Every structure is written in structure tokens, then in C-alpha cells.
Amino acid sequence: MRKIAILGSTGSIGTQTLDVVRANGDLQVTGISAGKNIQKMEEQVREFHPRLAAVWSEEAAKELAVKIADTSTKVVSGMDGLLELASMQESEILVTAIVGMIGVRPTIEAVRAGKDIALANKETLVTAGHLIMPMAEKYHVRILPVDSEHSAVFQALNGEDRKRIHNLWITASGGPFRGRKTEELRNVTVEDTLKHPNWVMGRKITVDSATLVNKGLEVMEAKWLFGVELDQIQVIVQPQSVIHSMVEFEDGAVIAQLGTPDMRLPIQYALYYPNRRYLDGERLNFAKLGTLTFEEPDTETFLGLPMAVQALRIGGSMPTVFNAANEKAVAKFLGGEIGFLDIYDIIGQSMENHRVVKSPSLEEILETEQETYQWIESRW
């Protein structure tokens, strides 16, 4: 029986992780966490009987404790609760399905506790990769990617010498606005933005896909996950979302991982690595598919990718600024406070305003995040 804890069990990745648990008889959920979705948390507690349930809001935690008083599940709250969940003795692997930099401290705590990490929280390596990857090596912890693109690279590298990598090819769908130019994006709505052509994801990541910020975050993450240089990471638009990413080796060979756009596959692969399990669902029909197409990303219109590359080249605390500014900007966009193109303005101005810390500690990373939030709130 493999025992797992899930940070962000009520979100898109969290609920699909629980789908994988339901489909297999040898996974036990020992801990779950959520922000404030008490109804879904109660349902999950009653179905999976975790020892621990962590809720961000103290008020929501009290409400949950009353609702599940007839169970043996302990309810905790706040960052202390997340840290307790991350390091709980009963679990072997932590699924980091939580969105945002809130996932950084729990991930570090889990690594220190010797837990393998099924990593779906991009922000962890984007902002603190220089801290986490050496720590994972020190504590003999495996960082197992859950993002479809990074899982694809991970699978393509299985059995290969990473020193022989020439390029990583990270694929992008192009998002809901692929082919449009800047002027056509000026008045797009939140509803328009959330209509992703291929993937069913959370609201924040769907907006990030539309701006290509998500692809920029994935480039940053890939650098740390696979130990390559920035110039070895290429982005290519693959509109059908069939090729999830590719590895090009020094001899010119390219190994790709293909599949339907189903996040349960990379989740299950991470949970059972190095073994594969049967996964129910749609299969690729190559005859019906017919063609696969590729395009260069439009980095003049969709500025999220070039801004991310710039932040990574600068390094230090700048990726934290990029990430924090985007988080705040996307929240404002989803709340109807700003327009779609304002997301780029907020990120760009935040980066211009920042004084870089070359090798930030965890405390400096968190301080930079808060400073970025405060700077944005004072101007937007």
C-alpha cells in the first residue's frame, strides 16, 4: 500500500489524483488540504478517511471540524497545518497540487522529512529551485514531475544519459487565443480566456496558458528539473496537444511522449514510478488523428514566454517577481479589475522596479513575493 498526502485536494490536479486513487486498490490517502472548499473536503474525508485534513482558513477549519466530528480525521489550519501535512509520518509521497507560492514551504518541509514529491506546483522550482534541488539530493528524495510537459520529458529520458541532451522541446497548445494579435486581445473577457481548446484545468492555469506565462513557468521549471541550460530549452506550439514534449539528443535523435490530453496519466506515472499501470480512458487513434502540426510561438503578442525567459536569464530573485506579479495580475483579471493585456503590464513594471537579490534564501524569496504584491496593490 503506497501512502500519499495531497496539497490541494479539491482543485483540478487534486481531484484527478483522487480519480487515480479510486481506480487503483493500493493507494491510501493519509492527508488532504484545501483553501476553503469545505463541502468538497467533507466529501473527500468521508470517502478516503485521511488521518489529517488541512484547511487554509481557520474559520473554515472550525466549520469542517464540526461537519466531520463523527470521523477520526484531525483538522488543522494555516501554514502550520500545511507543514504538518507535508511532513506527516504516515505518508511516503506528497502530491503538490496546490496553486501558487504557498506551496514552497510545505514542499521544502516534505523534502526535509524524506518524502518523495509528485510535483504539480510550478512555483516551487520557479522561485526556489536553487534551494530545493540540492536539498532533494541531500535527503535522497525524488522529484517526480506531474505537469504533462515535464512528465513527457521525464518519460523520454528514462534509461538515457542526461549528459547527452542537446535540446528539450516543450510543447504548447497555443491556448484559446492562438493566432490572434495584440489588438484582438484588448477586450477579451474572462469567459473567453477560460475556454481552453484541449485541456480542462483550474482557472489560474488556464489564464496562464492564454498568456503563455504557463509555458514560461514550465521553461523555468525544466531548467531545474533536468539540469539543462536555458538555451537548451525550446518551445514549440503543437495545437493538437498530442505530443506533450520531446527530448533531442546530441546525435540528432528525438524521443517524444504522445498521448491524449489527460492529466491522470502523468499523475499516475509519478505515483507509481518506475512502474506503469493500466489507465482507463481514450486512446490515440492515429488514423483518425491524421496530422500533427507545429508552429513557432508568437512571442510578440503573447509576452508571458519572453518575459519569463528574461526573468530566468537575470536569475536570483527575479523569477519570484515574475511569478508573484503574475499571480496578483491573474487574480485581478479573474476578479474583473483589469483587462487581459494589463497582466503583461503588471508583470513588466514589477520586474523593472525590482532590485535583484542574487542568491535569495527562503526568507528573501517570501519577502520578495510580499514586496511585489504590495507594490502592485499601491499602483493598480
Expressed as cubic angstrom per residue, what is the convex hull volume of the alpha carbon set of region 1-132? 89
Pop the C-beta distance of residue 58 and residue 251 into the FRET formula with R0 = 51 Å and round what comes out to the nearest 0.05. 0.35
Under the Karplus relation with 6.51, -1.76 and 1.60 and θ = phi - 60°, whole-Hz ³J(HN,Hα) for region 72-85, x at Gly and Pro, equal 9, 6, 7, 10, 10, 9, x, 5, 4, x, 5, 5, 5, 4
Residues of region 221-380: accessible area per residue at 1.4 Å, in Å²? 49
Violations at 21 Å Cα threshold for listed pairs 223/332; 36/62; 40/74; 3/74; 36/332 -> 223/332
Cα centroid of region 236-296 to Cα centroid of region 331-378, whole Å: 34
Considering only protein heavy atoms and a probe of 1.4 Å, how much of the accessible area of region 1-154 is carbon and sulfur, as a whole percent? 47
For residue 121, enumerate residues with amide H under 5 Å from its amide H, sequence gap 5+ or separate chain, H modeled in the peptide plane. 96
Which listed residue (165, 189, 130) has the Cα farthest towards the positive end of the charge dipole for region 128-261, taking +1 on Lys and Arg C-beta and -1 on Asp and Glu C-beta about the Cα centre? 189
Cβ neighbours within 10 Å, averaged per peptide: list 314-320, 53-59 in order, most packed at the top. 314-320, 53-59
Return the aspartates and glutamates within reach of residue 122: Cα separation strictly under 13 angstrom, same-chain partners fewer than 8 residues apart disregarded; answer none if there are no such residues. 147, 149, 208, 218, 221, 327
Work out Dmax and Rg for the chain from the C-alpha atoms and quote the Rg first, both in angstrom. 20.1, 62
Extent along principal axes [Cα atoms of region 246-380; Å; largest to smallest]: 54, 34, 34
Antiparallel content of DSSP bridges confined to the chain, in %, to 5: 30
From most to least accessible, 1.4 Å probe, no ligand or DNA/RNA atoms counted, 137, 63 line up as 137, 63
Whose amide H sits under 5 Å from the amide H of residue 54, counting only residues 5 or more places off or on another chain, with H placed in the peptide plane? 32, 33, 34, 76
Among 119, 151, 44, the residue whose Cα sits farthest towards the positive end of the charge dipole of the chain, when +1 is placed on the Cβ of each Lys and Arg and -1 on the Cβ of each Asp and Glu, is 44
Could you give the length gained by full extension between residue 349 and residue 291, i.e. 0.36 nm per residue of separation minus their alpha carbon distance, to one decimal place? 16.8 nm
Give a residue-ordered list of calculated ³J(HN,Hα) values for region 132-137 (Karplus: 6.51 cos²θ - 1.76 cosθ + 1.60, θ = phi - 60°; whole Hz; x for Gly, Pro). 6, 5, x, 5, 4, 5
Provide the gained length on full extension for the span residue 359 to residue 272, in nm with one decimal, where the gain is 0.36 nm per separating residue minus the Cα-Cα distance. 27.9 nm
Could you give the radius of gyration (one decimal) and Dmax (whole number) of the Cα atoms in region 141-235, in Å? 15.3, 48
Work out how much length residue 164 to residue 142 would gain on full extension: take 0.36 nm times their residue separation and subtract the Cα-Cα distance, in nm to one decimal. 5.8 nm
How much area per residue is accessible in region 149-208 when the probe is 1.4 Å and only protein heavy atoms are counted (Å²)? 51
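The values are calculated or read from the model by the stated rules, or taken from the named source; none is laboratory data. These numbers come from a predicted model, not from an experiment. Heads up, the Cβs are rebuilt from the backbone with ideal geometry, glycines too, and the neighbour counts pull from every protein chain shown. Remember, those area values only see protein heavy atoms, side chains included, never the ligands or the DNA or RNA. Shrake-Rupley method; radii C 1.70, N 1.55, O 1.52, S 1.80 Å.
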